[in-house]
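Structure record follows, encoded as structure tokens.
What follows is calculated from the coordinates using simple rules that are stated; it is not laboratory data. Being a predicted model, the structure only gives us computed values, none of them experimental. Please note: Cβ atoms are built from the backbone with ideal geometry, for glycine as well, and neighbour counts cover all protein chains shown.
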Number of protein chains: 4
Amino acid sequence: MVTRVKSPDKRKALLKATLSLVNNNGFHAAPMSKIAKLANVSPATIYIYFKNKQDLINQLYLEVKSAFSEHAFQNFSEEMPVKKGFEIIWNNIANYKIDQPEESNFLSQCDNTPMIDEKSRQEGLKNIEPLLKLWERGKSEGIIKDVCPYILYAYAIYPLAFLMTAQQREDFELKEDLKAIAFQAAWDSIRI
Amino acid sequence: MVTRVKSPDKRKALLKATLSLVNNNGFHAAPMSKIAKLANVSPATIYIYFKNKQDLINQLYLEVKSAFSEHAFQNFSEEMPVKKGFEIIWNNIANYKIDQPEESNFLSQCDNTPMIDEKSRQEGLKNIEPLLKLWERGKSEGIIKDVCPYILYAYAIYPLAFLMTAQQREDFELKEDLKAIAFQAAWDSIRI
Amino acid sequence: MVTRVKSPDKRKALLKATLSLVNNNGFHAAPMSKIAKLANVSPATIYIYFKNKQDLINQLYLEVKSAFSEHAFQNFSEEMPVKKGFEIIWNNIANYKIDQPEESNFLSQCDNTPMIDEKSRQEGLKNIEPLLKLWERGKSEGIIKDVCPYILYAYAIYPLAFLMTAQQREDFELKEDLKAIAFQAAWDSIRI
Amino acid sequence: MVTRVKSPDKRKALLKATLSLVNNNGFHAAPMSKIAKLANVSPATIYIYFKNKQDLINQLYLEVKSAFSEHAFQNFSEEMPVKKGFEIIWNNIANYKIDQPEESNFLSQCDNTPMIDEKSRQEGLKNIEPLLKLWERGKSEGIIKDVCPYILYAYAIYPLAFLMTAQQREDFELKEDLKAIAFQAAWDSIRI
DNA sequence: CATGAATGAGCTTTCATTCAT
DNA sequence: TATGAATGAAAGCTCATTCAT
């Protein structure tokens, strides 16, 4: 039984098209027909790869989030000193946001609107586990403030989302010197 | 002869209905018909008060943003010492986010998606002028780090949006002690 | 508050269009767009009068069935002798089927396919109550066979559906003489 | 070299799947994809055995009709006395409807909707020739009423379709005693 | 022969907006 | 002003059928 197989390329193209349209126009202005056209497939083809529009968005979210996380923890190892580890992760994230503004922006939309299933959002949260672990270790070593991870994340990581958005929209650029300043602010806000 | 006028109540009801629907379902699931129903008016009536859906959203954004700002700067005066002034503003904002989660959440959606006109967004930005001025003064007094306002905002104010979202979604509550910690982190990140 | 009101004409036109299309093409070839076109309204207008396609079909069924029944029992009164009463009803039904072939054919389709909701079908059955009552009386008077109404109906009334279908499709016409013969057969099959 | 041939099993499976789906959901809710799934083949395979959906339905109709007829005339011979012959045929048909409700119901749908090609319907009609012949003989022997076959069929055979439908849908069962009564009614309606 | 992917056409339904009163 | 009816356009999705292997 020889058959054509589902092409990973088409799936990729669809996810990419969705990312681009949602980014530029918002979920409500990213109709399946446009997504199909941008991906160079028939509208009906979308439904071979995804159950429906929500599923398409959910899968895109999980995929982007997971790529983001992979990037976030590269060159990081659990054996590193806490500050060194945090510095690596923080820079990975900052660079990702600078280099992949489309993906970053999409994640921001997902995290601030009800467009993603609660289930998928929960799934996506798992990706930052290693960072939480690092902070735990930092706390036990007396290096990191003994506060809940929400606060740590809010001050150490979340500001990067704002800077990325600003960079995309306003005349602002997170150059090396600013990045250093931003890192310092991040570290100052969580270290003891 | 009776001169009927546009009823401010209806306008308010429409804005409130829109806020609620966009918050809970997202822009893409907030049709005019539902907005009308929730506001107890006819769909056609919406077009007496607003030019179209985009205009409705834009006006809602500006209105909420302006109410937010009014709140943000209450009890604040330009004569105050920088730290005192910042403390007041920061607490105003924190309390607003805690007390008005619907409005806060809506602003988050607007700020992270393309649902608002660029023009309206620019308009909305003007509201934080006094804070920027305060920071300028702080810089000249050598109290505040000499960095662009994007970075100051990212670390001093923006984290509150994350904490508010977390509070609404996760089992997290920004109680008084955490608020104190959060303020400290905010202040640490911008002060020299 | 002055407003245009739902026009009974449009509703009627939609029901009529549906009847005609389903009759000639079957449910599966009666798309909403064609129904709308035939009724001279926009497709969207259908949804003002009916919840969805199923509702449209259900309502049509109930309306046709009820018109049929009204016709079936005209000039009939419960005081009549059983045979006289049955003769009137039978002839009413026969004439209806001859004069309203569209409606009759539609009811046949509904009764022999799963296109109608079970609930609506049950509702439609209520319309023949008076005939069942008449038969009950006939049984107690020793005139009608003491068998369940299904059998009485199968032999006394149901054959007319076949004759109507034949008349519409084949070169057959239920003229007065044949009608008399058919009535005789009907009566013979249920009388003692 | 192996010569693969069309598998009769697959064809059968497809016809069976179609029968089942049309019966339970109606023609309009029996998509080729579901038929394929139920028959455990690929949608594309259907088109090896049938030209298109209409052809599939037509062939199914003819096949079921012909199986029905075969059943209807078993143990019947043209030499039999008219009443005896009719009794055998009638009972064959009654038993078939009781034992094969799926097939019977399907034939009912076909006979009362436009889902079958006119040509196939005509083709299917040929199957009852022996019954018509028997009635002709009955007429010439002065046993059967001298009326057109439509009327004879309407009263002698067609009621069984109603009883079968009732049995499937309502709390009614055509047991032996009722069958005898039904036969009597059938015979009464056509004999002189 | 047999397949799962692929598709254009078309389905039902919803939408933002306008009409007529 | 205010309305519910009305609508063309377009949404998400499914379908019968074909393609490429």
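This table checks each residue for (1) away from chain D (no Cβ under 14 Å); (2) touching a Pro at 6+ places or on another chain (Cβ under 7 Å); (3) touching a residue at least 12 places away in the same chain (Cβ under 8 Å); (4) within 15 Å of DNA strand E (Cβ to nearest atom).
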{"site": "C:6", "(1), (2), (3), (4)": "yes, no, yes, yes"}
{"site": "C:11", "(1), (2), (3), (4)": "yes, no, yes, no"}
{"site": "C:27", "(1), (2), (3), (4)": "no, no, yes, yes"}
{"site": "C:47", "(1), (2), (3), (4)": "yes, no, no, yes"}
Complete set of residues in region C:51-69 that are within 14 Å of DNA strand E (Cβ to nearest atom) and either surrounded by fewer than 20 Cβ atoms within 10 Å (Cβ to Cβ) or among the basic types (Lys, Arg) (or both): C:51, C:52, C:53, C:54, C:55, C:59
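Residue-by-condition table, conditions (1) of a type in the set (A, V, I, L, M); (2) facing another protein chain (nearest Cβ under 10 Å); (3) touching a residue at least 12 places away in the same chain (Cβ under 8 Å):
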residue	(1), (2), (3)
B:135	no, no, yes
B:158	no, yes, no
B:177	no, yes, no
B:186	yes, yes, yes
Of residues in region A:76-87 being in a loop (DSSP other than H, G, I, E, B) and of a type outside the set (A, V, I, L, M, F, W, C), the one surrounded by the fewest Cβ atoms within 10 Å (Cβ to Cβ): A:79
Can you tell me which residue in region B:112-126 is nearest to the other protein chains (Cβ to nearest Cβ), limited to those that are closer than 15 Å to residue A:166 by Cβ and under 13 Å from the mean Cα position of the chain (by Cα)? B:112
